[in-house]
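Asks: Mind having a look at this structure? Questions to follow.
The values are calculated or read from the model by the stated rules, or taken from the named source; none is laboratory data. None of the values given here were measured: they were computed from a predicted structure. Here the Cβ positions follow ideal geometry from the backbone for every residue, glycine too, while neighbour counts run over all protein chains shown.
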Amino acid sequence: MTGPAGGDRPAIQWGAEAVSVSFGGLRALDQVSVGVRPGQVTAVVGGDGAGKTTLLRCIAGALAPSGGAVRRPSAQRIGYLPPSTGVYDDLSVAENLEFRSAVFGITGAAAGRQVGEYLERTGLAAARDRLAGQLSGGMRRKLGVIAAMLPEPELLVLDEPTTGVDPVSRADLWWLIARAAAGGAAVLMSTTYLDEAARAAHVLVLDAGRTLAAGTPAEIIASVPGTIAVVPGRPDDTEERRRAWRRAGTWRVWHPPGVPASEPVPPDLQDAVCVAALRAELAGADA
Amino acid sequence: MRAMIVKEFRQLRRDRRTLAMMIVMPILLLVILGYAASFDVSDIPTVVAGPGANVAATALPKSFQVAGTYTATAGQAVTWAHDELRDGHAAVAIVTASAGGGPLILVDGSQLFTAQAALRQFAAQRSGANATASSADPGPGAAAVANATVQVLYNPQLKTSYIMIPGLAGVILVFVGTVITSLGVVRERQAGTLEQLAVMPLRPADVFLGKIVPYFVVAVVDLVIVLAVGVAVFGVPFRGSLAVFGLGALLFVFVTLGLGVLISSVSQTQGQAIQLAVMTLLPQVLLSGLIFPLTSIVVGVRWIAYLLPLTYFTQISRGVMLRAEPIGSLWPPFVYLALLGAAVTGLAIWRFRAFLAPGAAR
């Protein structure tokens, strides 16, 4: 799914250009840009309150930004999964999809067959007549993604499609996302899982409404300055403690360029995001 | 338990709307009901017709507020008096000399409490006249009242159900139109599906109409059921034009549905929507003339009644059902409902657009 990281990338078609959003006095997004290419998945990552949902709402057209520009296709060609999944609890799976098809004017046997395939592949076929409100969280998310994919959108915007979902359902959801991208859709999704973001062609890392890092996962990893070391316990040195984080039972310490490190390890996307967040935090603290 | 009490107080303090409803509403209701809750009718709108109508009008007791006089022959006077009552211009019509020779008093039974007050007055006049008959001349007005034949029109048995059911039809329309509609729209917002609708290829008008048409159909079905039960079970007459009634009901539903959407557009939760809807329902039930006669409500509070749509629907439904009032004399409530409907629905659409067209001001 990850596209080639070179000049043969498909051209950016949709996205945001220096978008800002304020809610009252709170700056939720500050000059954030992201491009979404057809046939590729672009992931937006960040912690709680980073601005992921706000950015996706702007790009989907559910929220007007206070500054900057958004490029998106017509509403007829956008699929959107809001945080709530956007499905009606008091309609059955089939009725939800029927409503969505009617709104988008989708008719024909081919579309019906495709929906049938999606339902079958994701284990929802047996639940066609169940109310969406009676589905598990994972099933509701799968239904929401299938509903968003119905119009064969040029731009598919998915807000945390896999959050709180079991591993099997996550795999089903990723199958759907991959199908959408393979069909030519430009997919923009937010996630809190960095292993998922690593599968995307392009990643945007947000923190408190600002861009921390952007690029392909390889570019973001390569942009980590200095080295990362693995240590068994929390460092005793106060300065090192400020640059340490816990991961999988051990601790990792970021050493800026020029600071020697023992047992350096090659960083992955999770390390790169942690270092980017640390650098922003340290820069803020030192300012 | 202490922890629960503290938690509840904290939540209550932050839920300002509920707090306002718990503190302001009782005070407001007390004041309004104190001035409005009265079945005592002190002013009886009266018209006088026939030979010597002007003289008879001046001699009427103070409680009979003369709304018009018509000096004419006996036959013309009776026709005119009937028309005046049918069109709701008065509750009592005194004809100084009818075709039968003697004075005739017509009382509009569809204005129940006013009619009862008038009949009590006439009874008192008669007993007073009998007591003084041999001693002094009671005057033309008093004589007309004392010697008159009294006829109660439209609701001869002065049944409460006759006046309540046409008004209750309006209350049910308010309930369905305002309370249920407001819940339906807020549910979309609470479930997060309104945001989904905002990005779908739907015009705000599509969503607005798509939301209210089902409630409109339910309201119409409810109305038909209420009227059918009223006529079949309670024997309430339907004397007027079904088309005029239907048009009035249509305009009224238009207002109540608009009000429902407007309430939903300023409510974050279904609880808030219910609170607001009840706050619009309660004054309509109490002040629209459905229960207490409008003339019994003190002027300082009565103006509120004239802002409420149910006041006008009650006038239309009682007028058409009980008195066969034609549209020609009902135009003021029709015009008011049309204006109110346009204003409320316009405001509701404007608010609704803000959610469905994110580019619009919010």
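Asks: Just the residues that are more than 9 Å from chain B (Cβ to nearest Cβ) and aliphatic (A, V, I, L, M), please, taken from segment A:52-77.
Replies: Result: A:Leu55, A:Leu56, A:Ile59, A:Ala69, A:Val70.
Asks: Among the numbered conditions (1) within 27 Å of A:Ala200 (Cα to Cα); (2) away from chain B (no Cβ under 11 Å); (3) free of Cβ contacts under 8 Å to residues at least 24 places away in the same chain, tell me where A:Gly24 comes up short.
Replies: Checking A:Gly24 against (1) within 27 Å of A:Ala200 (Cα to Cα); (2) away from chain B (no Cβ under 11 Å); (3) free of Cβ contacts under 8 Å to residues at least 24 places away in the same chain, the one that fails is (1).
Asks: Looking only at segment A:149-170, filter to residues that are more than 15 Å from the chain's Cα centre (by Cα) and not in a loop (DSSP other than H, G, I, E, B); which one of those is surrounded by the most Cβ atoms within 10 Å (Cβ to Cβ)? Reasoning before the result, please.
Replies: From segment A:149-170, those more than 15 Å from the chain's Cα centre (by Cα) are A:149-154, A:166-169; that's our starting set.
The next check asks that each one be not in a loop (DSSP other than H, G, I, E, B); those that pass are A:149, A:167-169.
On the way: A:Met149: 24, A:Pro167: 9, A:Val168: 11, A:Ser169: 21.
Ranking the candidates gives A:Met149 first.
Asks: Name every residue in segment A:239-257 that is touching a Leu at 6+ places or on another chain (Cβ under 8 Å) and of a type in the set (Phe, Trp, Tyr), in order of residue number.
Replies: Going through segment A:239-257, the residues touching a Leu at 6+ places or on another chain (Cβ under 8 Å) turn out to be A:242-243, A:245, A:254.
Those that are touching a Leu at 6+ places or on another chain (Cβ under 8 Å) and of a type in the set (Phe, Trp, Tyr): A:Trp245, A:Trp254.
Asks: Can you name the residue in segment A:81-93 that is on the phi < 0 side of the Ramachandran plot and buried (at least 22 other Cβ atoms within 10 Å of the Cβ) and, of all such residues, is farthest from the other protein chains (Cβ to nearest Cβ)? Walk me through how you get there before you give the answer.
Replies: Quick first cut of segment A:81-93, residues on the phi < 0 side of the Ramachandran plot only: A:81-84, A:87-93.
Imposing the further condition that a residue be buried (at least 22 other Cβ atoms within 10 Å of the Cβ) reduces the set to A:81-82, A:87, A:93.
Values: A:Leu81: 9, A:Pro82: 5, A:Val87: 8, A:Val93: 15 Å.
Within segment A:81-93, the match that is farthest from the other protein chains (Cβ to nearest Cβ) is A:Val93.
Condition check ((1) hydroxyl-bearing (Ser, Thr, Tyr); (2) within 10 Å of chain B (Cβ to nearest Cβ); (3) surrounded by fewer than 20 Cβ atoms within 10 Å (Cβ to Cβ); (4) in a loop (DSSP other than H, G, I, E, B)) across all residues:
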site	(1), (2), (3), (4)
A:Gly79	no, yes, no, no
A:Glu95	no, no, yes, no
A:Ala111	no, no, yes, no
A:Gly123	no, no, yes, yes
A:Arg141	no, no, no, no
A:Val145	no, no, no, no
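Asks: Oh, and also: Looking for whichever is within 14 Å of another protein chain (Cβ to nearest Cβ) and assigned to a helix (DSSP H, G or I) here; the options are B:Arg353, B:Arg302. Which one fits?
Replies: Values: B:Arg302 fails: within 14 Å of another protein chain (Cβ to nearest Cβ).
Result of the check over B:Arg353, B:Arg302: B:Arg353.
Asks: State all residues of segment A:183-228 that are of a type in the set (Gly, Ala, Ser), at negative phi and in contact with a strand residue (DSSP E or B) (Cβ under 9 Å, 6 or more places away or on another chain); if no residue qualifies, say none.
Replies: Applying the first criterion (of a type in the set (Gly, Ala, Ser)) to segment A:183-228 yields A:183-186, A:190, A:197-198, A:200-201, A:208-209, A:213-215, A:218, A:222-223, A:226.
This time we only want the ones that are at negative phi, so: A:183, A:185-186, A:190, A:197-198, A:200-201, A:213-214, A:218, A:222-223.
If the condition is that a residue be of a type in the set (Gly, Ala, Ser), at negative phi and in contact with a strand residue (DSSP E or B) (Cβ under 9 Å, 6 or more places away or on another chain), then A:Ala185, A:Ala186, A:Ser190, A:Ala197, A:Ala198, A:Ala200, A:Ala201, A:Ala213, A:Ala214, A:Ala222, A:Ser223 are the ones that fit.
Asks: When the residues of segment B:75-92 are narrowed to those that are over 13 Å from B:Pro326 (Cβ atoms), among the small types (Gly, Ala, Ser) and out of contact with any Leu (no Cβ under 7 Å at 6 or more places or on another chain), which ends up modelled with the lowest pLDDT?
Replies: Once the filter is applied, the top-ranked residue is B:Gly75.
Asks: When residues of segment A:235-246 are filtered for being at pLDDT 90 or above and farther than 15 Å from A:Glu281 by Cα, how many remain?
Replies: 1
Asks: Please go through segment A:23-70 and give me each residue that is assigned to a strand (DSSP E or B) and surrounded by fewer than 17 Cβ atoms within 10 Å (Cβ to Cβ), ordered by number. Break it down into steps so the answer makes sense when it comes.
Replies: Here is the first cut: in segment A:23-70, the residues assigned to a strand (DSSP E or B) are A:23, A:26-36, A:41-45, A:67-70.
Scanning segment A:23-70 gives A:Phe23, A:Leu26, A:Arg27, A:Gln31, A:Ser33, A:Gly67, A:Ala69.
Asks: Of all residues in segment A:97-109, count the ones that are among the small types (Gly, Ala, Ser), in a helix (DSSP H, G or I) and away from chain B (no Cβ under 13 Å). Working first, answer last.
Replies: So the first thing to find is which residues in segment A:97-109 are among the small types (Gly, Ala, Ser), and the list is A:101-102, A:105, A:108-109.
Filter again for in a helix (DSSP H, G or I), leaving A:101-102, A:109.
Retained after the next criterion (residues that are away from chain B (no Cβ under 13 Å)): A:109.
Number of matching residues: 1.
Asks: Criterion first (surrounded by 18 or more Cβ atoms within 10 Å (Cβ to Cβ) and free of Cβ contacts under 8 Å to residues at least 12 places away in the same chain) does A:Val103 satisfy it?
Replies: Values: surrounded by 18 or more Cβ atoms within 10 Å (Cβ to Cβ): yes; free of Cβ contacts under 8 Å to residues at least 12 places away in the same chain: yes.
For A:Val103, the condition - surrounded by 18 or more Cβ atoms within 10 Å (Cβ to Cβ) and free of Cβ contacts under 8 Å to residues at least 12 places away in the same chain - is met.
Per-residue answers, yes or no, for (1) in contact with a Gly (Cβ under 7 Å, 6 or more places away or on another chain); (2) outside the structural domain of B:Val298 (by TED's automatic domain parsing); (3) surrounded by 14 or more Cβ atoms within 10 Å (Cβ to Cβ); (4) within 26 Å of B:Ala123 (Cα to Cα):
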site	(1), (2), (3), (4)
B:Ile27	no, yes, no, no
B:Phe39	no, yes, no, yes
B:Ala49	no, yes, yes, yes
B:Ala59	yes, yes, yes, yes
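Asks: Scan segment A:106-124 residue by residue and report those that are among the hydroxyl-bearing types (Ser, Thr, Tyr) and in contact (Cβ under 8 Å) with a residue 12 or more places away in the chain. Don't jump to the end; show me each part of the working.
Replies: To start, the set of residues in segment A:106-124 that are among the hydroxyl-bearing types (Ser, Thr, Tyr) comprises A:107, A:118, A:122.
Answer for segment A:106-124, where residues must be among the hydroxyl-bearing types (Ser, Thr, Tyr) and in contact (Cβ under 8 Å) with a residue 12 or more places away in the chain: A:Tyr118, A:Thr122.
Asks: For the list (1) polar (S, T, N, Q); (2) surrounded by 19 or more Cβ atoms within 10 Å (Cβ to Cβ); (3) more than 18 Å from B:Ile349 (Cα to Cα), I need the number of the one condition that B:Gln190 fails.
Replies: B:Gln190 satisfies every listed condition except (2).
Asks: Still on this structure: Any residue in segment B:110-131 that is assigned to a helix (DSSP H, G or I) sitting within a Cβ distance under 6 Å of a residue that is aromatic (Phe, Trp, Tyr) and at pLDDT below 90? List the pairs, counting only those 6 or more apart or interchain.
Replies: B:Phe113/B:Phe39
Asks: Got a sec? Which helices (runs of 4 or more DSSP H) wholly within segment B:185-283 have at least 3 residues that are within 14 Å of another protein chain (Cβ to nearest Cβ)?
Replies: Working: elements: B:193-199, B:204-232, B:242-265.
Hits in segment B:185-283: B:193-199, B:204-232.
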